[in-house]
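Enquirer: Take a look at the following structure, please.
The values are calculated or read from the model by the stated rules, or taken from the named source; none is laboratory data. These numbers come from a predicted model, not from an experiment. Counting neighbours? That spans all protein chains shown, and the Cβs are built from the backbone with ideal geometry, glycine included.
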Amino acid sequence: MRALGELDERGACVTIEEAKFPAPFVSGLEYAAPARGTWNIVHIGMLLPESHQIFVCAQACLRGVVLTAAEMGASDRFSTISVEDHNLLDGDMETLIIEGTTDILNRMPERPRAVLIYTSCVHHFIGCDLDYVYRRLREKFPDVDFTDCYMNPIMRKSKMTPDSKMRMQLYSLIHERMTPVRKVNFIGNNELTQESSEFVQMLRGAGYEIGDICLCRTYEDYQKLGESQLNITCNPAAVAAAKELERRLGIPHLHLPLSYDYEEIDENLQKLSQYLKMELPNLDTLRRKAEEELAETAKELKGVAVAVDYTATSRPLGLTKLLISHGISVKEVYADNFIEPERSAFEWLQANAPELKLYATVQVKMGMLPHSKAQEHGGRLLAIGQKAAWYTGTKFLVNMVEGSGLLGYDGVICLARWMREAAKKEADVEKIIQVKGWGCCG
């Protein structure tokens, strides 16, 4: 047997020149890095004000979600119904959910406006009649809005991922399309789009109110998202939610994806300008400011290696292309697969940075390989994303999760500044990455 010290990177690492798009690595036994900053279904559900979550699953499956609610100080908005072996054999699963939910609601000092019930894979395996369950609950509690949510690992590699499904269900309780006002929603984000973004500034300048579930403090605020003239998505995981709102309520949808490509940013700004008949900002000025910030960052980071991971942004290859093309030394990207809009950046990097290394984040070897990349670079390594920081062993971290509200040229400018700041000061990486749902309870 090969000694641990002789473990090689085969299967967990590949140069981009040799990689296949969109999945460079073979799926198999997986390792979970202790970088916990990304949001899970509990965090996302908690964005709905005046709501209560009920998880219905086996006790072993409840541990993680119970801890999530406790860590964010939201145990009063969270309950569980434990599924036991005899419930599978007795055929009383529907009764268990109905009676368990009834008991929970009757014991609460104040009834919630909405209840998110999370069922698990076992309910699908046994053919539980969830339509009947929700029909009976709505009859028993006509003053409460119920929606179906899922903690279902078998959905992970389906067309509708658990993340996309959760974001879709989060908006499923908006009752109706209200009379439209001068308002535009950003749909499906976990954090507010930065106020300084030119997209937000365009809307504000034209007199539009910004709607976002992150701004909702009451259930009435949430319902008023139905007043919007337009829903915008920037996160690919949010597209299904906006499409469903368009189908159900008739609110038009524009997908203006987070991007680090100037041409795509221009295209997105032009789409928004044309749709709402707004004046465009000066694109040349915005581009020049971004170029100046990137040039300053390249100057200050001379001799510093950079690692990027997918938890920081949905477009890690697009970001890597931007940085490399501006003289910033990105050495490795941590991601298990890529979305289709990353193809052009992938091909550019194959041609222009063929030695760039791609690392899997869940391949089982990643739990055993040494975290010594920062050491190999004399400690001069900057990570963009928590998993990149964990795997490289660096103390310099841009703690960005899912884009952190950055969008457009302003997003490029802010990130360039964040990189300079992060490269100057060591961070307590181990402490930072232990916080679940960064920005929600961090």
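Enquirer: Tell me, please, whether a residue that is of a type outside the set (A, V, I, L, M, F, W, C), surrounded by 20 or more Cβ atoms within 10 Å (Cβ to Cβ) and in the same structural domain as G378 (by TED's automatic domain parsing) can be found in region 295-305. Step through it out loud before you land on a result.
Expert: Initial filter on region 295-305 (of a type outside the set (A, V, I, L, M, F, W, C)): 296-297, 299-300, 302-303.
Those left that are additionally surrounded by 20 or more Cβ atoms within 10 Å (Cβ to Cβ): 297.
Adding the requirement that they be in the same structural domain as G378 (by TED's automatic domain parsing) leaves 297.
Yes: one or more hits.
Enquirer: Of the residues G226, G211, only one is modelled with pLDDT of 95 or more, assigned to a strand (DSSP E or B) and under 23 Å from A114 (Cα atoms); which? Don't jump to the end; show me each part of the working.
Expert: Details: G226 fails: assigned to a strand (DSSP E or B).
Matching residue, one of G226, G211: G211.
Enquirer: Which residue is farthest from the chain's Cα centre (by Cα), if the candidates are limited to region 179-192 and must be in a loop (DSSP other than H, G, I, E, B) and closer than 19 Å to L276 by Cα? Spell out how you get there, then give the answer.
Expert: First, pick out the residues of region 179-192 that are in a loop (DSSP other than H, G, I, E, B): 179-182, 187-192.
Now narrow it down to the ones that are closer than 19 Å to L276 by Cα: 179-182, 187.
Details: T179: 31, P180: 29, V181: 29, R182: 28, I187: 12 Å.
Among residues in region 179-192 that are in a loop (DSSP other than H, G, I, E, B) and closer than 19 Å to L276 by Cα, the one farthest from the chain's Cα centre (by Cα) is T179.
Enquirer: Mind listing just one residue for me: the one in region 246-287 that is among the hydrophobic types (A, V, I, L, M, F, W, C) and in a loop (DSSP other than H, G, I, E, B) and, of those, farthest from Y208 (Cα to Cα)? Talk me through it step by step, then tell me what you get.
Expert: Filtering region 246-287 for residues among the hydrophobic types (A, V, I, L, M, F, W, C) gives 249, 251, 254, 256, 258, 265, 269, 272, 276, 278, 280, 283, 286.
Checking the rest, the ones that are also in a loop (DSSP other than H, G, I, E, B) come to 251, 256, 258, 278, 280.
Working: I251: 16, L256: 17, L258: 21, M278: 11, L280: 15 Å.
Looking at residues that are among the hydrophobic types (A, V, I, L, M, F, W, C) and in a loop (DSSP other than H, G, I, E, B), I get L258.
Enquirer: Right, next: Identify all residues within region 104-145 that are farther than 16 Å from S172 by Cβ and in a strand (DSSP E or B); write none if there are none.
Expert: Scanning region 104-145 gives a single hit, S120.
Enquirer: Find the residue count for region 96-142, including only residues that are among the hydroxyl-bearing types (S, T, Y) and without any contact (Cβ under 8 Å) to a residue 40 or more places away in the chain.
Expert: Let us first name the residues in region 96-142 that are among the hydroxyl-bearing types (S, T, Y), namely 101-102, 118-120, 132, 134.
Pick out the ones that are also without any contact (Cβ under 8 Å) to a residue 40 or more places away in the chain and you get 102, 132, 134.
So the answer is 3.
Enquirer: Here is a further query. Kindly establish whether L382 is in contact (Cβ under 8 Å) with a residue 12 or more places away in the chain, outside any helix (DSSP H, G or I), surrounded by 17 or more Cβ atoms within 10 Å (Cβ to Cβ) and not β-branched (V, I, T). It would help to see each step written out before you state the result.
Expert: Numbers: in contact (Cβ under 8 Å) with a residue 12 or more places away in the chain: yes; outside any helix (DSSP H, G or I): yes; surrounded by 17 or more Cβ atoms within 10 Å (Cβ to Cβ): yes; not β-branched (V, I, T): yes.
So L382 passes the test.
Enquirer: Hey, could you check region 297-334 for residues that are basic (K, R) and out of contact with any Phe, Trp or Tyr (no Cβ under 9 Å at 6 or more places or on another chain) and say which is nearest to T38 (Cα to Cα)? Even if it seems obvious, please write down each step before you answer.
Expert: Just the residues of region 297-334 that are basic (K, R), to begin with: 299, 302, 315, 321, 331.
So of that shortlist, the ones also out of contact with any Phe, Trp or Tyr (no Cβ under 9 Å at 6 or more places or on another chain) come out as 299, 302, 331.
Values: K299: 31, K302: 30, K331: 23 Å.
Ranking the candidates gives K331 first.
Enquirer: Among the residues of region 215-262, which ones are buried (at least 17 other Cβ atoms within 10 Å of the Cβ) and of a type in the set (G, A, S)?
Expert: Scanning region 215-262 gives G226, S228, A237, A238, A240, A241, A242, S259.
Enquirer: Does region 279-291 include one or more residues that are under 19 Å from G385 (Cβ atoms), surrounded by 18 or more Cβ atoms within 10 Å (Cβ to Cβ) and not hydroxyl-bearing (S, T, Y)? Spell out how you get there, then give the answer.
Expert: Kept after step one, since they are under 19 Å from G385 (Cβ atoms), are these residues of region 279-291: none.
No, region 279-291 contains no residue that is under 19 Å from G385 (Cβ atoms), surrounded by 18 or more Cβ atoms within 10 Å (Cβ to Cβ) and not hydroxyl-bearing (S, T, Y).
Enquirer: Which residue pairs have Cβ atoms closer than 6 Å, lie 6 or more positions apart in sequence or on different chains, and pair a first residue in region 230-247 that is under 13 Å from E402 (Cα atoms) with a second residue that is modelled with pLDDT under 95?
Expert: Qualifying pairs under 6 Å: A237/D163; A237/S164.
Enquirer: With (1) surrounded by 15 or more Cβ atoms within 10 Å (Cβ to Cβ); (2) part of a helix (DSSP H, G or I); (3) at pLDDT below 95 as the list, and M202 as the residue in question, which single condition is left unmet?
Expert: (3)
Enquirer: In this structure, is A388 of a type in the set (A, V, I, L, M), within 16 Å of E300 (Cβ to Cβ) and touching a residue at least 24 places away in the same chain (Cβ under 8 Å)? So that I can check it myself, show each step before the final result.
Expert: On the way: of a type in the set (A, V, I, L, M): yes; within 16 Å of E300 (Cβ to Cβ): no; touching a residue at least 24 places away in the same chain (Cβ under 8 Å): yes.
Here the answer is no, as A388 does not meet what is asked.
Enquirer: Looking for something in contact with a Cys (Cβ under 8 Å, 6 or more places away or on another chain) and under 26 Å from N282 (Cβ atoms) - is there at least one such residue anywhere in region 195-203?
Expert: Scanning region 195-203, I find at least one residue that is in contact with a Cys (Cβ under 8 Å, 6 or more places away or on another chain) and under 26 Å from N282 (Cβ atoms), so the answer is yes.
Enquirer: Tally up the residues in region 263-274 that are touching a strand residue (DSSP E or B) at 6+ places or on another chain (Cβ under 8 Å) and surrounded by fewer than 15 Cβ atoms within 10 Å (Cβ to Cβ), please.
Expert: Let us first name the residues in region 263-274 that are touching a strand residue (DSSP E or B) at 6+ places or on another chain (Cβ under 8 Å), namely 271-272.
When the remaining residues are screened for being surrounded by fewer than 15 Cβ atoms within 10 Å (Cβ to Cβ), the result is 271.
Counting residues in region 263-274 that are touching a strand residue (DSSP E or B) at 6+ places or on another chain (Cβ under 8 Å) and surrounded by fewer than 15 Cβ atoms within 10 Å (Cβ to Cβ) gives 1.
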